[in-house]
Amino acid sequence: MELLREYVKKILVEQEQSSNPTVAEFLTTYAKKEPNKLKKALGITAKYVAAIGAGILVGGAAGATTGGIGSVAGFSAGALTGKAAEKAIEMIYDRVAQRGGELAKNLVSKLATPDDQRGPMDHLFDLDDEYEDLIQGLDSDLGKKFQRELFKSYQEKVAQIDEEADGDRPLTDFIVGTANDYYKSFLKDKSLSGVGVNVQSAE
């Protein structure tokens, strides 16, 4: 059993470090690193956040209903096994779709993460400091406009995650590209930004 726990732990660490996580891997990492934010965003109890962080979503309902990764990772206190686990997973994904706006707000708030303080997956949602400087900070008029457009994009995409099966799909199926990618397309599209310039990284 101890070897199995270590194996599961290794899998979860690898998933955190993935540059293109699945939806389930993203939510699992989010629950582990920022449980209170996810709890508030989805309007769920700490028990369900703990289950997500323990890996109940990873591998879908099949793993949970057979006493798989969710229980192996140590989440047995909540008794989320069998049909209870199946219902919990359905409820969690329903909340992701229903409360896409709240989740989108959290993702936009990651834009100002200092580049040298990025955690797992922050590279997807943080705007490079050089880009932030180019629009004179996120509090500038252009910075605020960028955030509004990015929020609308995230909200629209997150709302499409409405089926349990979507957990195994890459997050980039819904959130296309990184915040940096969206920034470039935003500035290039004059109808959105009012600028219409092609931005390239200094690297």
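The values are calculated or read from the model by the stated rules, or taken from the named source; none is laboratory data. Just so it is clear, the model here is predicted, and its values are computed rather than measured. Here the Cβ positions follow ideal geometry from the backbone for every residue, glycine too, while neighbour counts run over all protein chains shown.
For Arg169, are the conditions met, namely being modelled with pLDDT of 85 or more and under 17 Å from Thr29 (Cα atoms)?
Criteria met by Arg169.
Within the stretch 114-126, is there a residue that is outside any helix (DSSP H, G or I), charged (D, E, K, R) and free of Cβ contacts under 8 Å to residues at least 60 places away in the same chain?
Looking for residues that are outside any helix (DSSP H, G or I), charged (D, E, K, R) and free of Cβ contacts under 8 Å to residues at least 60 places away in the same chain, one finds at least one in the stretch 114-126, hence yes.
What residue, among those in the stretch 45-84 that are within 16 Å of the chain's Cα centre (by Cα) and of a type in the set (Val, Ile, Thr), is modelled with the lowest pLDDT?
Val58
Could you list, in sequence order, all residues of the stretch 165-197 that are crowded, with 17+ Cβ neighbours inside 10 Å and of a type outside the set (S, T, N, Q)?
Asp166, Gly167, Leu171, Phe174, Ile175, Ala179, Tyr182, Tyr183, Lys184, Phe186, Leu187
Just give me the residues in the stretch 113-164 being among the basic types (Lys, Arg) and surrounded by 15 or more Cβ atoms within 10 Å (Cβ to Cβ), in sequence order. Please lay out each step first, then the result.
In the first step, residues of the stretch 113-164 are kept if they are among the basic types (Lys, Arg); the result is 118, 144-145, 148, 152, 157.
Lys145, Lys157 - these are the residues of the stretch 113-164 that are among the basic types (Lys, Arg) and surrounded by 15 or more Cβ atoms within 10 Å (Cβ to Cβ).
Failed condition for Arg95, given (1) out of contact with any Asp or Glu (no Cβ under 8 Å at 6 or more places or on another chain); (2) modelled with pLDDT of 90 or more; (3) not in a helix (DSSP H, G or I), with all others met?
All conditions are met except number (3).
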